[in-house]
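The structure appears below as structure tokens.
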Amino acid sequence: MVAWKLARAGRDVLLLDAKTFPRFKPCAGWVTRDALHALEIDPTTYPHLLIPITRVAIGLSKGLQVTHWPEPVSYGILRHEFDAFLLERARAAGADILEGHRVERVIFDQDCVHCLIKGQHITSEHIVGAGGSSCPVARAVAGRAIWQYRTTVAAQMSEIPIGAAKLQQSRLGSGMPVLYPEPECDGYAWYFVKGDFLNIGVGALTRSGPAIPVRRHRFLQRLQREDILPDSWSLSPFVGHSYAVWRGIRPDLGGPRYLLVGDAAGLAHDLSGEGIGPAGISATLAAAAILKNPTGQDFTDYGKEWASLQGNGFSTRIGGLLQALPLFIRQTALNTLCGNPWLRRRWVLEGAFLGRW
Ligand SMILES: Cc1cc2nc3c(=O)[nH]c(=O)nc-3n(C[C@H](O)[C@H](O)[C@H](O)COP(=O)(O)OP(=O)(O)OC[C@H]3O[C@@H](n4cnc5c(N)ncnc54)[C@H](O)[C@@H]3O)c2cc1C
């Protein structure tokens, strides 16, 4: 997104990615309308799978609680297609792209930045760290301290093409994300059928509670017990990934010669775990900051701009507060919120998940 914006503005851009595209990225592939807007993607012209979401269900002990909207509130995409689309858009705008180039180290000098790749140096005036939760730019800036002030979500997911015929034999349904709050009230499991693909997983804050493989096992057993997922199906191996959510305490998103965007900066929403929208918004702010400050001396203001836009938001405070409450209070509150149709729609789904408090 940053590369696309800068290349369109006539700047020299080199984009380095460790993988070759299309590449797998662990993700449920739920994009909100706001996220598509931030990424400047028009749903009517997007050329790949885009499933409109007009229903979301929450799995409670009393069964699935479904909320409907008259028009799409979000979309389901496949990340390997979506990310390759964004990459090709940047290439078409004139960005130079080196795929399969893992940046091993980033070194800041007085008047430039070096990226070390297989013994080679690539030098630039400034650098945007967009390398996700293991971004080498974020590591160079904050070192080991990077994880100390982060709230981390760990997740495991599997995405497999299972085909229409097999889907019809199950009770998974189609086009409707189904979310199951974790009994520890610190995350949720989900399944989401998009076209012929089943996406299934679980994510939770990592400070306490059962390990993610235990939660995954518990969730799959529940789906089998409730006859939603046939026992005989074998899913593709689950893939794990961790990333940080934004709790408004990260001070250094921008500084001398660098800016961090998306997961590299730990910007995902803390209640929903949504990270595609925040990545798009931060990329737009980062590109604007570079265009305003072409010498790249200092990008501290970019961090302040993000914090003033998102930093002390309502959901951030609620997330921290909820975690401090005793478990039985959290469980009662969550069941009340998710069990009541009005509260579920306005607070849980439109509030926490769609960011419209
Ligand atoms: C299981 C799971 C489910 C999720 N579901 C959703 C969802 O449904 N909706 C949503 O909005 N968010 C979701 N998220 C969060 C979302 O995936 C991330 O917040 C989002 O992908 C962040 O985008 P990014 O561009 O910052 O990082 P990434 O998408 O992680 O991209 C980082 C890129 O950097 C490259 N890279 C990494 N290290 C290097 C290196 N050293 N050198 C060169 N390149 C490097 C990688 O190859 C990768 O292409 C989910 C996350 C997980 C783990």
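Details
- Only Lys, Arg (+1) and Asp, Glu (-1) charged, at Cβ; the chain dipole about Cα centre in debye: 840 debye
- Mean sequence separation of contacting Cα pairs (under 8 Å, at least six apart), scaled by the length of the chain, corresponds to a relative contact order of 19 percent.
- Histogram of C-alpha separations across segment 246-295, 5 Å bin width, %: 4, 21, 29, 24, 13, 6, 2, 0
- Computed extension gain for Arg102 through His121, at 0.36 nm per residue and net of the alpha carbon distance, reaches 5.6 nm.
- In Hz, Karplus ³J(HN,Hα) per residue of segment 278-288 (6.51, -1.76, 1.60; θ = phi - 60°; x = Gly, Pro): x, 5, x, 5, 5, 5, 5, 5, 5, 4, 5
- Over 29 Å (Cα to Cα) - which of Lys62/Lys166; Lys25/Lys118; Lys19/Lys292; Lys5/Lys304; Lys62/Lys194 fall in this group: Lys19/Lys292
- Ranked list, fewest to most other Cβ atoms within 10 Å of each Cβ, for Val214, Val153: Val214, Val153
- Principal axis extents of the C-alpha atoms in the chain (largest first, rounded to whole Å): 62, 45, 38.
- One decimal place: the segment Glu88-Leu321 gains 79.7 nm when fully extended, by the rule 0.36 nm per residue minus the C-alpha distance.
- Residue with peak Gaussian network fluctuation, the chain [Cα springs, cutoff 10 Å], from Trp246, Trp30, Trp347: Trp347
- Here's the picture: charge each Lys and Arg Cβ at +1 and each Asp and Glu Cβ at -1 in the chain, and of Leu235, Ile127, Ala287 the one pushed furthest to the positive end of that dipole is Leu235.
- Length gained when the stretch Gln224-Thr45 is fully extended (0.36 nm per residue, less Cα-Cα span): 60.6 nm
- Viscosity 1.306 mPa s, 10 °C: Kirkwood-radius Stokes-Einstein D of segment 12-73 over Cα pairs, µm²/s: 106 µm²/s
- Compactness of segment 184-321 - radius of gyration and Dmax, Cα, Å: 18.9, 61
- Note on His37, His114, His126: ascending count of other Cβ atoms within 10 Å places them as His37, His114, His126, the fewest first.
- For segment 344-350, 3J(HN,Hα) computed residue by residue from phi via the Karplus equation (6.51, -1.76, 1.60; θ = phi - 60°) reads 4, 5, 6, 8, 6, 7, 6 Hz, glycine and proline entered as x.
- Proportion of all alpha-carbon pairs of segment 1-107 beyond 18 Å (%): 60 percent
- Segment 58-206, relative contact order [Cα under 8 Å, separation at least 6], %: 19 percent
- In this calculation the C-beta distance from Glu81 to Leu235 is compared with R0 = 25 Å, giving a FRET efficiency of 0.75.
- Just checking the listed ones, Glu305, Glu99, Glu71: in the Gaussian network model of the chain with Cα springs under 10 Å, the one fluctuating most is Glu71.
Every number in this text was worked out from the coordinates using simple rules, so none of it is lab data. Quick caveat, the model's predicted, so the values are computed rather than measured. Every residue, glycine among them, receives a Cβ derived from its backbone with ideal geometry; neighbour counts consider all protein chains shown.
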